[in-house]
Amino acid sequence: MSCGCSATKVYRTALIGCGMRGTCIALNAKNFGRYEIVAVADPDAANRTHTKKELGMGELPEYSDYKELLKWGQFEVVIIGSPDFVHETQAIDCMNAGKHLLLEKPIAISYDGGKRVVETALKTGRTVAVGFVLRYAPLYAKAKQLIEQGTIGKLTTMWVLHSVASGSDWYFHDWHASFANTGGLLLQKGSHDFDILNWFAGAQARQISAIGSRDVFGGDEPNDLTCPKCDKRFTCPERMNDDSPRVQCAFRKEVDCLDNHLVQIVYDNGVKASYNECHYTPDDNREYVFIGTKGKIVLNDADGKLYIKTRNTAMYKESMTFTPGNIDSGHGGGDSRLLVDLANAIEQQTQPLAGVQAGLEAIRVGLLAHESIRQNGKPLSSF
Ligand SMILES: NC(=O)c1ccc[n+]([C@@H]2O[C@H](COP(=O)([O-])OP(=O)(O)OC[C@H]3O[C@@H](n4cnc5c(N)ncnc54)[C@H](O)[C@@H]3O)[C@@H](O)[C@H]2O)c1
């Protein structure tokens, strides 16, 4: 029986959340040719105008409330690029309205909320891709392939150093800085990495322990202080430019997210991982080390390279490096490949590589890690 689809079908697509990410991924979607952006929703009129201009949308409809967008309803796919604390409700409403989704991470900021997203996806049969772009980046995909081929023997251990130089720029000058909005930076930022670790381990995280702190950001400044209005704006090391969309003071009282986290994970199959995320490093990088019984793979995001070393000599010896070609979009080529996978999955009525179940598992690890930090590093298996 024909599904009525064609390989060149272009999906009428709406964007919820006209911020940095929503605009960027919608632009990618438009340029890729399988999606036509036909409407946007965002409470902020200036952001709607900016995004429509970037996308060349002219007079196409715009809504301040996504519920009005859903009432209009003349589209098949929704890109949800709104802040984390509304993902759950918006995803559920969109799926119940019959829409397929590109849902940005984290899928929800509570475990129960994440379960509701998964339940709705199962109930409605909608296709949902979660914004886990690293899975699609050729560098990560190659590392996964090499491990599956047995290049380093049996995978036993994973180490991650995640340095976030842009911590102040992206995470502490706006809504990102509070637990109430994100569930914590181990969900907001770390869920990408927990997804990679879960995927590579190929098992469920059985035990999670973590320590962490807030060493640099937050403080006693008033919540309504912004960089352009601040007396210290010419000397403050964290000052944002006046025209930045993120100008709230990084040292304001309401900042409660941690800026430094060390997490340890034991998986059901015995694989172990350690994940370190710091938001005040001078450099921006993800460095992954995958260790197996016969060697190790070092993935260096900033270099854009894999270094593969095996134990077939008395000394560790670099046996191969891998540099992916054709990095045609953001996140090491992950953005465009995620969009391709979503279009194909909708057409074939399947689920993409990173769906809601992966989204739920990633937030489970992040939430348990934050809970372990609250309990002074106690190992936890469940809430
Ligand atoms: N997959 C990735 O690599 C990646 C990268 C960056 C951001 N993100 C995700 O994208 C999301 C947005 O992040 P951002 O950095 O673009 O933030 P942002 O603040 O730049 O954009 C958020 C936008 O949502 C709008 N908004 C606020 N409340 C809304 C609501 N109730 N309904 C609709 N829109 C609403 C804001 O006005 C703003 O335009 C986050 O969930 C983040 O985790 C993913």
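Could you please give the count of residues in segment 254-306 that are of a type in the set (Lys, Arg), in contact with a Lys or Arg (Cβ under 6 Å, 6 or more places away or on another chain) and either free of Cβ contacts under 8 Å to residues at least 12 places away in the same chain or surrounded by 16 or more Cβ atoms within 10 Å (Cβ to Cβ) (or both)?
Going through segment 254-306 one residue at a time, the tally reaches 1.
Looking for something within 16 Å of the ligand (Cβ to nearest atom) and among the charged types (D, E, K, R) - is there at least one such residue anywhere in segment 138-147?
Looking for residues that are within 16 Å of the ligand (Cβ to nearest atom) and among the charged types (D, E, K, R), one finds none in segment 138-147, hence no.
Restricting to segment 153-192, and then to whatever is over 21 Å from LEU134 (Cα atoms) and among the hydrophobic types (A, V, I, L, M, F, W, C), can you tell me which residue is nearest to the ligand (Cβ to nearest atom)?
TRP175
Can you give me the ranges of the helices (runs of 4 or more DSSP H) entirely in segment 61-146 with at least 1 residues that are in contact with a Gly (Cβ under 7 Å, 6 or more places away or on another chain)?
Correct list: 87-96, 111-124.
For segment 17-25, state whether one or more residues are assigned to a strand (DSSP E or B) and within 11 Å of the ligand (Cβ to nearest atom).
Taking every residue of segment 17-25 in turn, none turns out to be assigned to a strand (DSSP E or B) and within 11 Å of the ligand (Cβ to nearest atom).
Looking at ILE196 and the list (1) under 30 Å from ASN269 (Cβ atoms); (2) among the aliphatic types (A, V, I, L, M); (3) away from the ligand (no atom under 16 Å from the Cβ), which single condition is not satisfied?
The number of the failed condition is (3).
Has segment 172-191 got at least one residue that is touching a Cys at 6+ places or on another chain (Cβ under 8 Å), of a type in the set (Ser, Thr, Tyr) and under 24 Å from TYR288 (Cβ atoms)?
Yes, there is a match, as at least one residue in segment 172-191 is touching a Cys at 6+ places or on another chain (Cβ under 8 Å), of a type in the set (Ser, Thr, Tyr) and under 24 Å from TYR288 (Cβ atoms).
Could we say that GLU59 is more than 21 Å from the chain's Cα centre (by Cα), within 15 Å of the ligand (Cβ to nearest atom) and without any contact (Cβ under 8 Å) to a residue 40 or more places away in the chain here? First the steps, then the outcome.
Details: more than 21 Å from the chain's Cα centre (by Cα): yes; within 15 Å of the ligand (Cβ to nearest atom): no; without any contact (Cβ under 8 Å) to a residue 40 or more places away in the chain: yes.
In short, no.
Condition check: within 15 Å of the ligand (Cβ to nearest atom) and either touching a residue at least 24 places away in the same chain (Cβ under 8 Å) or surrounded by fewer than 22 Cβ atoms within 10 Å (Cβ to Cβ) (or both). Does LEU342 satisfy that?
yes
Please specify each residue of segment 108-137 satisfying the condition of being in contact (Cβ under 8 Å) with a residue 60 or more places away in the chain and touching a strand residue (DSSP E or B) at 6+ places or on another chain (Cβ under 6 Å).
Correct list: ALA121, THR127, VAL128, ALA129, VAL130.
For LYS53, all conditions in the list (1) within 24 Å of ARG246 (Cβ to Cβ); (2) touching a residue at least 12 places away in the same chain (Cβ under 8 Å); (3) away from the ligand (no atom under 11 Å from the Cβ) hold save one; what is the number of the exception?
All conditions pass for LYS53, except number (2).
Among the numbered criteria (1) assigned by TED's automatic domain parsing to the domain that holds THR157; (2) more than 30 Å from PRO237 (Cβ to Cβ); (3) touching a helix residue (DSSP H, G or I) at 6+ places or on another chain (Cβ under 9 Å), which one does GLN351 miss?
All conditions pass for GLN351, except number (1).
Hey, among the residues in segment 319-342 that are farther than 30 Å from LEU101 by Cα and in contact with a Ser or Thr (Cβ under 9 Å, 6 or more places away or on another chain), which one's modelled with the lowest pLDDT?
So the first thing to find is which residues in segment 319-342 are farther than 30 Å from LEU101 by Cα, and the list is 319-323.
From the residues that got through so far, the ones that are in contact with a Ser or Thr (Cβ under 9 Å, 6 or more places away or on another chain) too are 319-320.
Values: SER319: 65, MET320: 72.
Applying the filter and picking the extreme gives SER319.
Would you confirm, using the coordinates I've provided, whether VAL160 is more than 25 Å from LEU367 (Cα to Cα), in contact (Cβ under 8 Å) with a residue 60 or more places away in the chain and assigned to a strand (DSSP E or B)?
No: the conditions fail for VAL160.
Of the residues ALA369, ALA345, only one is at pLDDT 95 or above, under 26 Å from ASN260 (Cβ atoms) and hydrophobic (A, V, I, L, M, F, W, C); which? Lay out the reasoning, then the answer.
Numbers: ALA345 fails: under 26 Å from ASN260 (Cβ atoms).
Of the residues listed, the single one that is at pLDDT 95 or above, under 26 Å from ASN260 (Cβ atoms) and hydrophobic (A, V, I, L, M, F, W, C) is ALA369.
I'd like to check something: does segment 7-14 contain any residue that is within 11 Å of the ligand (Cβ to nearest atom), part of a loop (DSSP other than H, G, I, E, B) and in contact (Cβ under 8 Å) with a residue 24 or more places away in the chain?
For segment 7-14, residues within 11 Å of the ligand (Cβ to nearest atom), part of a loop (DSSP other than H, G, I, E, B) and in contact (Cβ under 8 Å) with a residue 24 or more places away in the chain: absent.
Quickly run through segment 231-253 and pick out the residues that are farther than 27 Å from CYS18 by Cβ and buried (at least 17 other Cβ atoms within 10 Å of the Cβ).
Scanning segment 231-253 gives a single hit, PHE251.
Pull up segment 72-101, narrow it to residues that are farther than 13 Å from VAL40 by Cα and of a type in the set (A, V, I, L, M), then point me to the one that is nearest to the ligand (Cβ to nearest atom).
Once the filter is applied, the top-ranked residue is VAL86.
The values are calculated or read from the model by the stated rules, or taken from the named source; none is laboratory data. Because the structure is predicted, anything quoted here is derived from the model rather than measured. Note that each Cβ is placed from the backbone with ideal geometry, even for glycine, and that neighbours are counted across all protein chains shown.
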